[in-house]
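Structure first, then comments.
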Amino acid sequence: MKFIKITTFIFLIALVITACSSDSDTPVDSPNNFDRGAMLTNWADNIIVPAYESFADQTSILQSSTSNFTTNPTVENLQTLRTNWKDAYLGFQTVSMFEIGKAEEVRFRNRLNVYPANAAEIEAFISSGNYDFALPSTIDKQGFPALDYMLNGLATTDTEIVTFYTSNANAEGYKNYLQTLSNTIASLSNEVLTSWTSGYRDTFVANTSSSASGAVDKLTNDYIFYFEKALRAGKVGIPAGVFSGNVLPGNVEALYKKDFSKELLLKAIEASANFFNGKSFESGATGPSFKTYLDFLNTIKNGENLSNLINNQFEVAKTEASSLNNNFAEQVQMDNSKMLETYDELQRNVIYLKVDMIQALDISIDYVDADGD
Amino acid sequence: MSKLNTYRKTQTNAAPLAVFRVLFGLMMLASIIRFWANGWIDKLYIQPKFFFTYYGFSWVQPIGNYTYLIFAVCALSALFVSLGYKYRISIILFFLSFTYIELMDKTTYLNHYYFISCVAFLMIFLPANTYFSMDSWKNPLKKLDKIPKWSIDSIKLILGIVYVYAGLAKLNSDWLLEAMPLKIWLPSKYDLPFLGDLLQQEWMHYAFSWSGAIYDLTIPFLLLYKPTRWFAFILVVIFHVLTRVLFPIGMFPYVMIVSALIFFDAGFHNRIIQFISKLLRLDYSRITSKPIITSEEGKSQKFQYRSKFVLPILAAFFTIQLLFPWRYLAYPNELFWTEQGYRFSWRVMLMEKASYTQFKVVNGTTGNRFYVDNTDFLTPFQEKQMSGQPDFILQYAQYLGDHFKNQGHKNISIYAESYVALNGRLSQPYVNPEIDLLKEKESFKHKDWLLPFNDTIKGF
């Protein structure tokens, strides 16, 4: 009897120790286990970092082309600058979903793409010459939407726009504001990129923990949050009046450029689908991803082919979005039903991602720190 | 009848119940401290703007910063229960404060909180302070070393009910034939040392499912039967420590391990008491010394005043305990889908339900419509619980109705668009999107505004 008690006691201690040290070791992956480390590596090395590199390049081109324009404000330079702005804005759609690490810390998406821009207050900033873009209150006066206003919204023709930077009484103020906008975008982008290339990449890839602070859990939440709030709601739902009851044509992305909102949406859907499939940013080859992870889990579960359903739904949403007017402000005013149809197709995928995929991966939405039973 | 009478009068050593009281009180104290230290009082009961109440208990609400006071009362009374100090009033206070806390928001419902409330209620009627307690230390007149056998058996019975009903609930096709939801949960624990890779194996999911069901169904009997008792207790420890490793389940495993000690005989408990006495430098001989009043007299003097009521109350309590989990049979459609009769039935870890629910507010006069951003009103935890449980959906919809009416919206209807994925099935629409939830009333009646499950789960 005594022996049994002692054994039990030792056993108890051993189990408690195991219980308490449960998330300290790194697992040795076997072929029977899905290799999350490999998925994180693919995400970081083939998608996230290359996308940020490309985006950071685009923002420095944007920056130099802005100084070109401010030193020599001509219609031609304005048009070059506008092209560079468009390139960078499209590039932003490929990184916006990765709001993790430094990007999360600096609130990257809020700093670069809160729309509609507040034109009246931008004008007030320009005339006072007194602004600090680090302040949270300035998020709707900076980033790509503010540049949109500065490059496309000041007047109707290019010649007229250029006059704001030449003959306007406060031309210096306009030039300074424009330059500060581009500088801020470029420096934030570089800050995020540098953080990835100087250490964060390794932390990220090594963080294979299954807990809520694990990299897979966190980025999955960020990705779904992006798809639901920034893409589905921001680009389509809000202008279509889904959350307000009436259409809000003033809330489309790239309001002043007018013919650009569809292109941005399509780019964002494509980037989301590519990330889902683990498609390399440069080569287009696919690697370990949500898709392969779901397929692996499905070999255990033998359920519906979820990755197929999600990919099909990405296609349907893309097709629906392609049929829209280039200018979403016009679309919601002329025929909002098509905008709502696009919204519905995106919404189908929110449900697949947020309900079915999350369940399959057993990741909790917005980590809830409480007991279960 | 005479057998019952003899049983009613059978006496047994008071030590097991005394040890149970000490450890139960300590566990509860630790739970409250842990809850407080994790900041959950603020997060769960102070921060939210709105609370999901139980039907008939909408008057039980957090009371702002005074909510901390309720927890303080709960912690103190748990400590007093453990010490056996002013036991009767302490256990009543503990039961009331703990149950009040649980009733404040059903978002936090856990079977094990309900278990605590049940045990605390039971303990109000048990002579748990007659031995190894401050009450009996200070007033030897209160001391008894023998207590009615039924008082210890009633703790064993409630434990037995919990296990056996939890086991019965596992006898369904999802659990046994599909190994669901463990097939979803276990692979996600890939980074556990030793177990991580094993948990990817399908046979492990079945092994866990089946052994879990067998464990629940047999463990009370293995604990009751002396030759298997130690073996059973080792199983209890392994099982609950394993659940602790695999799932975020808080203090519950420890509570169950400690509770299972009640099955051991008095000698074992007296050694524990001896050990604690030594540790606290208490005079063990004073604890064991013969009571001034013998147990027979004591029973007549001390318990007479209650026993008339105690046994009928306990009989009613256990009848309810035995019958209540079957109430789901009164409802149509699949229990896991509608969750009508799911709570308070020892259905533990049976479902993985992922869900998404948004609400559309329609103005009947203008036809104007918009969707509600749930994060404006609910915490992420509340939203998660609300999305897949019909009584939550209804209560929240009606709250939204009041909110928007107060904002000046007139003639509005509220519709839910809701998707639920149950145990790895593909998500399906959950609430009938054509039904205006403001026209529905909460009741114990079947909620016919839910859409059918389109599948069957066989079994209990």
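The values are calculated or read from the model by the stated rules, or taken from the named source; none is laboratory data. The model shown is predicted, which means the values in this text are computed figures rather than measured ones. Glycine also receives a Cβ, built like all others from the backbone with ideal geometry; neighbour counts cover every protein chain displayed.
Looking across segment B:273-299, just one residue is modelled with pLDDT under 75 and loosely packed, with under 12 Cβ neighbours inside 10 Å, and that is B:Lys290. Where helices (runs of 4 or more DSSP H) fall wholly inside segment A:118-221, the ranges with 2 or more residues that are closer than 30 Å to A:Leu40 by Cα are A:143-148, A:171-195, A:201-206.
Looking only at segment A:274-306, filter to residues that are more than 13 Å from chain B (Cβ to nearest Cβ) and of a type in the set (S, T, N, Q); which one of those is farthest from A:Val49 (Cα to Cα)? Among those that are more than 13 Å from chain B (Cβ to nearest Cβ) and of a type in the set (S, T, N, Q), it is A:Thr292. A count restricted to segment B:327-363 and to residues that are touching a strand residue (DSSP E or B) at 6+ places or on another chain (Cβ under 6 Å) and either part of a loop (DSSP other than H, G, I, E, B) or of a type in the set (A, V, I, L, M) (or both) stands at 3. Of the candidates B:Phe381, B:Phe318, B:Phe324, the single residue that is within 14 Å of chain A (Cβ to nearest Cβ), hydrophobic (A, V, I, L, M, F, W, C), outside any strand (DSSP E or B) and within 25 Å of the chain's Cα centre (by Cα) is B:Phe381. With respect to the stated conditions, A:Phe296 fails to be of a type outside the set (A, V, I, L, M), farther than 20 Å from A:Phe34 by Cα and at pLDDT below 95.
Scan segment A:307-326 for residues that are within 14 Å of chain B (Cβ to nearest Cβ) and either touching a Phe, Trp or Tyr at 6+ places or on another chain (Cβ under 9 Å) or of a type in the set (Phe, Trp, Tyr) (or both) and jot them down. Steps first, please.
So the first thing to find is which residues in segment A:307-326 are within 14 Å of chain B (Cβ to nearest Cβ), and the list is A:307-310, A:312-313.
Across segment A:307-326, the qualifying residues are A:Ser307, A:Leu309, A:Ile310, A:Gln313.
Mind checking which residues of segment A:253-274 are crowded, with 19+ Cβ neighbours inside 10 Å and out of contact with any helix residue (DSSP H, G or I) (no Cβ under 6 Å at 6 or more places or on another chain)? Answer for segment A:253-274, where residues must be crowded, with 19+ Cβ neighbours inside 10 Å and out of contact with any helix residue (DSSP H, G or I) (no Cβ under 6 Å at 6 or more places or on another chain): A:Leu255, A:Phe260, A:Lys262, A:Leu264, A:Ala271, A:Asn274.
Within segment B:136-153, the set of residues being surrounded by fewer than 22 Cβ atoms within 10 Å (Cβ to Cβ) and either of a type in the set (Gly, Ala, Ser) or free of Cβ contacts under 8 Å to residues at least 60 places away in the same chain (or both) comprises B:Lys138, B:Asn139, B:Asp153.
Could you please let me know if A:Thr319 is β-branched (Val, Ile, Thr) and modelled with pLDDT of 95 or more? Quick ask: steps written out before the conclusion?
On the way: β-branched (Val, Ile, Thr): yes; modelled with pLDDT of 95 or more: yes.
Yes, satisfied.
Within segment B:1-33, being hydrophobic (A, V, I, L, M, F, W, C) and not in a helix (DSSP H, G or I) holds for B:Met1, B:Ala14.
Exactly one residue among B:Ile393, B:Ile435 is away from chain A (no Cβ under 13 Å) and farther than 24 Å from B:Pro325 by Cα, and that residue is B:Ile435. The single condition from (1) within 13 Å of chain B (Cβ to nearest Cβ); (2) surrounded by fewer than 21 Cβ atoms within 10 Å (Cβ to Cβ); (3) closer than 17 Å to A:Lys318 by Cβ that A:Arg232 fails is (2). Among the conditions (1) more than 14 Å from every other protein chain (Cβ to nearest Cβ); (2) under 30 Å from A:Asp362 (Cα atoms), the only one that A:Thr208 does not satisfy is (1). Quick check on segment A:250-261. Is at least one of its residues within 14 Å of another protein chain (Cβ to nearest Cβ), closer than 13 Å to A:Val350 by Cα, of a type outside the set (Phe, Trp, Tyr) and over 15 Å from the mean Cα position of the chain (by Cα)? There is no residue in segment A:250-261 that is within 14 Å of another protein chain (Cβ to nearest Cβ), closer than 13 Å to A:Val350 by Cα, of a type outside the set (Phe, Trp, Tyr) and over 15 Å from the mean Cα position of the chain (by Cα).
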